[in-house]
Structure formats: C-alpha cells, structure tokens
Amino acid sequence: MTVAPHRDEPPGEAAARPGAGGGAAPRGTAFPAAARRLRTKVLPAIIGNLAMTIIGVIFLLPLAWLILAAFNPHASPGVVTPRFSLANFTQALQSGASGAIMNSLYLAGVSTVIATVVSTLAGYVLSRHYVPLKGAALVVIIFLTGLPVTLLLIPIYQIFVSIGWLDSPFYTSLVLAATSVPFAIWLLKNFIDQVPREFEEAAAIEGSGQFRVLLTVVVPLIMPGVLVSAILTFINSWGAFLIPLVLDANPSDTPGAVGIYQFMSANGQVQFGPLAAYGILFSLPVIILYLISSRWLSGGFSFAGGIKG
Amino acid sequence: MATITLEGVSKAFKGKPAVDGVDLSIDDGQFLIIVGPSGCGKTTTLRMLAGFERPTSGVVRIGGRVMNDVPPKDRDLAMVFQNYALFPHMTVAKNLAFGMRVRRVDRKVIDREVASIASMLGIEALLGRKPAELSGGERQRVALGRALLRKPKAFLLDEPLSNLDAALRAQMRFELKRIHAQFPVTTVYVTHDQVEAMTMADRIALMEGGRLQQVAAPEVLYSEPANTFVAGFVGSPKINLIPGQVVRDARRPTIRSMSCDIPVDGTAGAVLASLPHDNVVIGLRPEELRPRRPATGGLPAVRGVIELIEPLGSETHVALRVGGHVLTCKCPPRAGLEVGSEISVEFDPEHMKVFDGDTGMRLG
Ligand SMILES: Nc1ncnc2c1ncn2[C@@H]1O[C@H](COP(=O)(O)OP(=O)(O)OP(=O)(O)O)[C@@H](O)[C@H]1O
Ligand SMILES: [Mg+2]
C-alpha cells in the first residue's frame, strides 16, 4: 500500500508565484509567510501521512505473515523470512485442498447464479410494478439482511431432514443463495430505480415483452449493480462455514472454508505453513473474480447520451 | 395504418388535470400536428396513445379498437420520444436495428435498412458510436431513424426536430413529408414550431391547459381562429388584440376601438347586435395594417407614434403606440419610417376578427 502524499502544491512552485499562499506580499516578507506555511500546512501533512503509514503497516502485517509463512516449511506465528519452498503448498494440495476448492466453487457458483437471477427479478418487480404493501415488504427485506443465519439454521436443518435434502451440495447452495437474496434484492431494486423508464418504454413500443425489456435493456444498464451483487453473493457463499458444515456432512462435499480446519487441529497443534498455503490457494478465486469484474465495474453506472437534459 | 380517435379523454396526475376532455379523431393516413405552449398536455396525450399512461377517463381507439387496456407492445406504433430515450449501452446501429431484431427480421434485411435510413438522416458515419458520443442533433436523428424503420399503424413523434439547426430542420421537414407522401401512415406530431405546424400538417390541433382549443387545417386556423388564444398563438408576429365597445345607436353594426368607429358587416355584425354586453376584442393581423397612402379608399385608420422599428430585410416590423395600446404592423422594407414620427395605418374591416370580450370566443 502506498500512502499518497497530501500536498497541495510543491513549495518551489509556491515561491515562484508571489500571488499564491502569502497573498500579494512583497519579496521581503516572503520568509515569515513560508514559516507559517510550514506550521499550518506541511507539519499536519507529515503527521497525517505518518499515522496513515502506521495504520497501513498494521493492516499489512498479517498479509505479510500469510505470504511468508506459506513459503516457509518451518512456519511459526512470528514473521520470519523463509527459505523459499513450495512444500506447504504440496502438503495443502495433498490433504484435499483442490477438491475442497472445487466444492467451494460449486456452492458459490450455483448460489450466485440463483441469487442473482431471483434478486434481479424481484428487484425489478419491486421497482416497477404495483405491489401491495410494498413499503412494508422493503422493510422486511432490510430486516432479513441483518438476521443472523445461525438463528435459522436449526429450523432449516429440521426441514431438510424431513424432506430429505441433507447432504446435497445443490440444496445447500439454495440456502446459501437465500442468505444473500435480501441484500441483493435491496441493492438491485435501488439500481433499477435509477433507470429512466423511457428506455423501457422505447423498447416496449418497439414490440418487446417484459422479459426482453428486462434482459436487453434493464440488465445491461444495471450491470455494475448485478456484478456487485454477484460478487458479494459469491464471497458470502465462498466463505460460508456453518451452513455447509451443518447441512452437508458428506466428506467428499467439504468446501474450503470447512476443510481449512484440519490444519488447526491435526495432531493437536496448528500447522502454520500448510494453513497459510491453503489460505492463499483458497483466496485466489476471489481475487481473480475481482480482477475480471473490475474491468466491467470501472465503466461505471450512467445513462449518458440516452436521455436529453 | 389506422384511424385514431380520442373520446372525452382526460388524464389527471394526483388529481391535477394534465389533459382534460379531449375529443379528437384522426383519419387514416392523416398528418396531425399538436401544438401548444409548454406544459399544455401534448406529451401526455401522446403517451396515452402509446399506452404509457392510462387515461383517467375516456376512450382511446386505434383502428376502431378500444386501446385503453392494450399494452404498448401490442399497439404497433412507432414513437420518437421528446428526450430521445436511446439505449445508452448500444451503438447507433444497434439502436436503429432494435425493433427489427425484436421482430426477428433477417440480418441482411436489417443491415440494408439501417444503412438506407442512416444515409437519409446523414448519420452513416456514426453507426459504430454509442449515444454518449453524439451531439444533441445527432441523437435526435438516431431517435427519428429508430422510429422510421418501422411500418407501424401510426407514428407518434414528440418534437422530433427540436434540436436540429435551421438548415437540417428544413431538410428533415422535407424528408418527413416525402416519407409520409410515399407511405401515408397516420401520424401524430407534436411541435412548438409554428413553421413546422403550418407547413407539414394536414390538420393542426391547438391545445392549451389540457384542452383542445381548435382542430382545423392550417389555413383555417390562421384565417378563422375560434378564440383569442388561437388567434394569438398562430401567426408571427402576433395578431394585435385590442379591446373595443359595441356602438348600439349606430345604423350599421359598429365597434369603437382606439377612438375609431369600425363598421362590422356579415355574420359578425349580425351576432354583434344580439350580444348581451358591449365588450369585444378586435383582432388585426400585423400584415393587414398598412401605412396610409396619400389617397385612401375610406377605410378605417388609426394614428400613432412609432416606438420601435425592426428591419428584418424582406420586411420591417413597426411598433406603433395608439393611445394606450401598441400595434405591431408589418411594413415593406425601406418605407422611410422613423422612430418618434407619427403615421396613420389603415385596415380593411372585412379581415378584422371580432371576439366576445368576456369569453374570448370568436363572433360570426
Ligand atoms: N408523470 C407526471 N406526474 C405529474 N405531473 C405530470 C406528469 N407528466 C406530466 N405532468 C404534468 O402535466 C402537464 C402536461 O405535461 P406534458 O408533458 O404533457 O406537457 P407538454 O405539452 O408536452 O409540454 P412541453 O411542450 O414542455 O413538452 C404539465 O403540467 C406537467 O407538469
Ligand atoms: Mg412535451
């Protein structure tokens, strides 16, 4: 992380322009003006930058530890420079990291697709159509956003037992999707609210039905919102621990977030090296996802040129 | 192609009427232009025809069929939106092709049609761009092109030329008339521009405050305005509307205005006699007021002081103060007039319009 220096202008430039900073003072009084400048501008800037650097280092330390430990076959809780080695990665992969990551990909992928489709449809209806008690429905949705999953897990487990949905990655991802849907609906409804209706009207008068309007006009226009919602759902499902642990006891379905625990308990001691390597492997898909979608997100959310005035 | 009828159509937004009891019927293939001041309900009327707004009361028919509950996509209309509504995420070519792709037209046909409309509108070079990269006039032409690529039952055009420069506007006016002559599709066209209305319309519907003031052919609207509002709206410079009094004891029906007794013949004269009050308004078009030549044929005339002279090249507009009123006269160029000098202007009472001073309705 680099902390950008918070400087208004280089001092040399200010001296070259008599009108700046010290006002239209004659040359002789420029020196006290510079001293005041040092006191009021430069000093606070130095202190501010120093504070930000310290905070940055505090945040960076665990990351540094993670990377250093991953390549150190004798990793410990301390930060030490390693003798470079991939032994930890091999050990992590041998103990089933790749399978667990595939399981995580399945759970996160399926739940992301389901949650995004459901939320887009629901957000569209809530934004555009008359819904009885719409205001109340929105309040309930926001309330659900804050509801802890732990609270629902026991009843969900019992329901799954009674309809025989336990130990199925698909049904587990349904529940994962459901935990993300309230926030996604709320997010996407707000995005759709911003889309001027004329675009949909223009598409409708050209003969498009509701679904075509949604797919060819609304969704492309709210793509940044859809992506944000999808990424959040993906990350939520990717890191989900309790839901897959409870709902799918099948060892071959274990996702990464659950699998990582074996390194914390094996032989009664924490295996720091493989743990760090596993952590890096496990975070790679999310990082890749960010990199891919940032290309789309940087386009921003605007309707420039479509509507006059 | 289809007839369009509005029967007692009203639209209120939160109880406030935007369109109020409009009765209008448009023949198959007719080019109807709706004009009126800003906020008079033109766009709202068009949106009810398109199906974006549901009338609060009244019936909308297209091709004889009641449309009130038919969704826009099933009405088979093409529309140019006042604010364009181009799809921002699509190129110009995709915007133009949108409707044909919905109707699954063959790719080759689409490409050909898009190319031909683009060349007609002069936007061939823009086909690969997105709307954000176009100027206002270019966007407007794309919006027009998107509508013209259809052969709908009717065109709804909301100020489709408002953002073009004068030369381009004249050219597009011509193109639209040509297209309409070639394919006489029923067209409802909204504009602020009197020249557009007068030159393009088969009929003009003049609206004000959500109500239709008059629906007539352009010449009729000009020569036979139904009320003072219509008279004041049509024609440039504006008609002179001057209050007057009925002279009851004269032998012929007579109006006294600007200290001048004006005989009124014909039906207006007959109606004048039975008017329950004496208040009238006379309407004199600037082109009907002529500086008095030395020899006069006994026409009524008024004397006034020249307040302002606006030479426009082909003609000169003169503001003449007569008593408490200012008359606008259209004079020939280089008439040798001077600000501050006193002149007489005469007019033919036969071309004068007489309105009821209380209701504003035309008499006769
Ligand atoms: N969705 C709406 N909600 C509330 N009021 C509206 C709405 N749409 C239009 N109005 C009002 O209805 C009246 C007529 O509006 P309309 O857009 O039809 O005017 P217009 O004749 O097209 O004007 P302009 O020439 O400026 O485009 C205006 O007073 C406007 O404020
Ligand atoms: Mg309008």
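For this structure, a couple of remarks:
- GNM on chain B, alpha-carbon springs under 10 angstrom: the most fluctuating residue among B:69, B:202, B:28 is B:69.
- Delta accessible area of at least 30 Å² on complex formation, residues of region A:192-206, 1.4 Å probe, chain isolated as reference: A:198, A:199, A:201, A:202, A:204, A:205, A:206
- Of B:108, A:308, the order by accessible heavy-atom surface (1.4 Å probe, DNA, RNA and ligands excluded), from most exposed downward, is B:108, A:308.
- Cα shape, region B:240-356, gyration tensor, a/c 1.5 rule: prolate
- Among A:273, A:48, A:209, the largest mean-square fluctuation in a Gaussian network model of chain A (Cα springs under 10 Å) belongs to A:48.
- Normalised alpha carbon radius of gyration of the protein assembly as shown [divisor 2.2 N^0.38 Å]: 1.46
- Peptide B:121-132 - average C-beta neighbours from other chains (10 Å radius): 1
- Between residue B:151 and residue B:308, the modelled labels are 5.2 nm apart [label points 7 Å from Cα along Cα→Cβ].
- Cross-link pairs exceeding 31 Å between alpha carbons, from the set B:16/B:330; A:189/B:11; B:16/B:151: B:16/B:330; B:16/B:151.
- Relative contact order of chain B, taken over Cα pairs closer than 8 Å and 6 or more residues apart, is 15 percent.
- Per-residue ellipticity at 222 nm from helix content only, as computed over chain B with -39500 (n - 2.57) for each DSSP H run of at least four residues, stands at -7500 deg cm²/dmol.
- Once C-alpha pairs closer than 8 Å and six or more residues apart are averaged by separation and normalised to the residue number of chain A, the relative contact order reads 25 percent.
- Heavy atoms of residue B:287 accessible to a 1.4 Å probe, total area in Å² rounded to 10: 70
- Computed accessible area, residue B:175, all protein chains, 1.4 angstrom probe, square angstrom: 30
- Whole-Å semi-axes of the ellipsoid equivalent to region B:145-213 (Cα gyration tensor, √5λ, descending): 19, 16, 11
- Whole-number Å³ per residue for the convex hull built on Cα positions in region A:31-85: 87
- Carbon + sulfur, % of accessible area of region A:31-85 - ligands and nucleic acids excluded, 1.4 Å: 79
- GNM result for chain A, Cα springs below 10 Å: residue of A:62, A:220, A:44 fluctuating most strongly: A:44
- Positive-end residue of A:191, B:306, B:181, charge dipole of the protein assembly as shown with Cβ unit charges: A:191
- Other protein chain Cβ atoms within 10 Å, averaged over every residue that makes up B:141-147: 1
- Taking max minus min of the alpha-carbon positions on each principal axis, region B:4-233 gives extents of 51, 39, 32 Å, largest first.
- For region B:1-75, average projected area of the Cα convex hull in nm²: 4.9
- In the distance distribution for chain A, Cα-Cα pairs more than 37 Å apart total 42 percent.
- Cα-centred dipole magnitude for the protein assembly as shown, charges only on beta-carbon of K, R (+1) and D, E (-1), debye, nearest 20: 1240
- Comparing Cα centroids, region B:269-290 and region B:128-200 end up 39 angstrom apart.
- Figure note: B:351, B:180 ranked by solvent-accessible area, largest first, 1.4 Å probe, ligands and nucleic acids not counted: B:351, B:180.
- Residue-wise HN-Hα couplings along region B:167-177, as the Karplus relation 6.51 cos²θ - 1.76 cosθ + 1.60 with θ = phi - 60° gives them from phi, are 5, 5, 5, 4, 5, 5, 4, 4, 4, 5, 5 Hz; Gly and Pro carry x.
- Membrane-span-like helices in chain A, defined here as complete DSSP H runs extending at least 27 Å along the helix axis by their C-alpha atoms with mean Kyte-Doolittle hydropathy no lower than -1.0, are A:43-70, A:97-128, A:169-193, A:272-297; this is a sequence and geometry rule, not a statement about a membrane.
- Averaged over B:78-86, number of beta-carbon atoms from partner chains that fall within 10 Å: 6
- In this structure residue B:25 has an accessible area near 60 Å², from a 1.4 Å probe over the protein heavy atoms.
- Relative contact order, percent, region A:31-85 [alpha-carbon distance under 8 Å, six or more residues apart]: 21
The values are calculated or read from the model by the stated rules, or taken from the named source; none is laboratory data. These numbers come from a predicted model, not from an experiment. Because the Cβ atoms are built from the backbone with ideal geometry, glycine has one as well, and the counts that use them run over all protein chains shown. Just the protein is used for accessible areas: all its heavy atoms, side chains included, with ligands, DNA and RNA removed. Shrake-Rupley method; radii C 1.70, N 1.55, O 1.52, S 1.80 Å.
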